[in-house]
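Below is one structure, written out as C-alpha cells; the observations come after it.
Since every read-out is calculated from the coordinates, none of them should be taken as a lab result. Quick caveat: nothing in here was measured; it's all calculated off a predicted structure. Quick reminder, even Gly has a Cβ in these numbers, built from the backbone with ideal geometry, and neighbours come from all protein chains shown.
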Ligand SMILES: NC(=O)c1ccc[n+]([C@@H]2O[C@H](COP(=O)([O-])OP(=O)(O)OC[C@H]3O[C@@H](n4cnc5c(N)ncnc54)[C@H](OP(=O)(O)O)[C@@H]3O)[C@@H](O)[C@H]2O)c1
C-alpha cells in the first residue's frame, strides 16, 4: 500500500500540536481490520486531545480522531470482508490507538460496527460520537422512566454537536425542549431544530438555594460544573439528568436534597465504554426510531484534514456550532 495522509499529534518540548503527514500502514496501531476512511467528524474530545488542552492522548505521536466511517480494505476476522461499510467510535480510538483522521485506519475487529442499512457513510459521521451519545442518553433515560409528562426537558450546550442532536431527537420523541445556550445569535437555528424555549446561559442565577422550584422534567447536560449543580436543584420529582459533558467544568457542588427529597437521578453517560451489544442496537435505533430529522441543518461545516487545527481552536473557544464533518475520501 502506498503512503497515505494522516493528521498526527506530537508532543515536543511539552507542546502538543498536530499536522498532516504521510504515513505507512505499519506506522499505525495494530488491529485485524484495515479501513479506507470516507469521513470523520470533530467532537469536543478531538479538540481537547489534538491540542493538548485536555490530557487525553498519553502516548505520542498519535493519529487523532475518535470516530470514522469507511470501507473495509482487509480483515483477518471473518466477520468483516473487503468492501463492507463500517463505523468505528469509542474504545481507545483516537486516544491510545491511532484514530480516524487518516486515509487508512487499522483497528481491532471488536471495535468495528457494520453501517446500519439505510444510513450513509456521510450521515454516520455527521451523527458520529455526538449523535451516538444522545442515543445512549435516550436509552438510559427510558430505562429510568423519563417521560414527556414529567415536564419540560432542558438541554445545555445546546449549540454544540451533542446539544443539536439532543434537541432534534428529544423533540421528535414528544418532549417540550428548553435549549440553554451562550450564543444568542443561534436562537433561531435552535428553534428550527425543535427547541420550544430558549434560555441564555449567562442570565441563569446559578447561586440559588439547595433546592429551588422544580422547573424541568429532566435534562441532558453537556457542561458539568455550576450548570449541572443548578440542574440538580431545579429538576422535578422523579426526573433524570444525563450527565454527558464537561465543557463548563468538572466540579459538581450540590447537596443530597434533590436526590432524597425529589428522587432526582444523575445518569452517567460513557459512550466510549458502551458494550458492543448496546452499541450495535443504538446505531440501529439511529436509523429507525431515533433517526435525527435535521442532519442537513446540524452539519454546519465540511472540512479537510488540513483545516483541523483551526476547527479545534474555534471549538475550544466556544465559537463553533453544530457538527463539523471531515471529508477524507468522499463518496461520489
Ligand atoms: N460522556 C460521553 O460519553 C461523551 C460523549 C460525547 C461528548 N461528550 C462531552 O459532551 C460535551 C459536548 O460535546 P460536543 O462534541 O457536543 O462539543 P461542542 O460541539 O463543542 O459543544 C459544546 C457546547 O458547550 C458550550 N460550551 C463550550 N465551551 C463552553 C464553556 N467554556 N462554558 C460553557 N459552555 C461552553 C457551547 O454551547 P452553547 O454556547 O450553546 O452553550 C458549545 O457549543 C463535551 O464536554 C464532550 O467532551 C461526552
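For region 230-237, the count of residues that are crowded, with 17+ Cβ neighbours inside 10 Å, in contact (Cβ under 8 Å) with a residue 60 or more places away in the chain and within 16 Å of the ligand (Cβ to nearest atom) is nonzero. Can you name every residue in region 265-292 that is in contact with a strand residue (DSSP E or B) (Cβ under 7 Å, 6 or more places away or on another chain) and either assigned to a loop (DSSP other than H, G, I, E, B) or more than 20 Å from residue 218 (Cα to Cα) (or both)? 269, 279, 280, 283 - these are the residues of region 265-292 that are in contact with a strand residue (DSSP E or B) (Cβ under 7 Å, 6 or more places away or on another chain) and either assigned to a loop (DSSP other than H, G, I, E, B) or more than 20 Å from residue 218 (Cα to Cα) (or both).
When residues in region 306-332 are screened for being more than 15 Å from the ligand (Cβ to nearest atom), free of Cβ contacts under 8 Å to residues at least 24 places away in the same chain and more than 19 Å from residue 124 (Cβ to Cβ), 1 of them pass. Across region 239-261, which residue is nearest to the ligand (Cβ to nearest atom) among those that are surrounded by fewer than 17 Cβ atoms within 10 Å (Cβ to Cβ) and in a loop (DSSP other than H, G, I, E, B)? Here the answer is 249. Go through the residues of region 130-142 one by one and say whether even a single one is crowded, with 17+ Cβ neighbours inside 10 Å, more than 30 Å from residue 64 (Cα to Cα) and within 13 Å of the ligand (Cβ to nearest atom). The answer is no, given that none of the residues of region 130-142 is crowded, with 17+ Cβ neighbours inside 10 Å, more than 30 Å from residue 64 (Cα to Cα) and within 13 Å of the ligand (Cβ to nearest atom). Look at residue 88 and say whether it is within 25 Å of residue 292 (Cβ to Cβ), in a strand (DSSP E or B) and more than 17 Å from the chain's Cα centre (by Cα). Taking the combined requirement at face value, the residue does not satisfy it. Between 47, 37, the distinction of being out of contact with any strand residue (DSSP E or B) (no Cβ under 9 Å at 6 or more places or on another chain) and buried (at least 18 other Cβ atoms within 10 Å of the Cβ) belongs to 47 only. When you check residue 295 against the structure, is it in contact with a strand residue (DSSP E or B) (Cβ under 8 Å, 6 or more places away or on another chain) and touching a residue at least 60 places away in the same chain (Cβ under 8 Å), yes or no? Spelling it out, it is not the case that residue 295 is in contact with a strand residue (DSSP E or B) (Cβ under 8 Å, 6 or more places away or on another chain) and touching a residue at least 60 places away in the same chain (Cβ under 8 Å). Here region 92-121 is the region considered, the condition is being over 14 Å from residue 280 (Cα atoms) and in contact with a helix residue (DSSP H, G or I) (Cβ under 7 Å, 6 or more places away or on another chain), and the residue that is surrounded by the most Cβ atoms within 10 Å (Cβ to Cβ) is 94.
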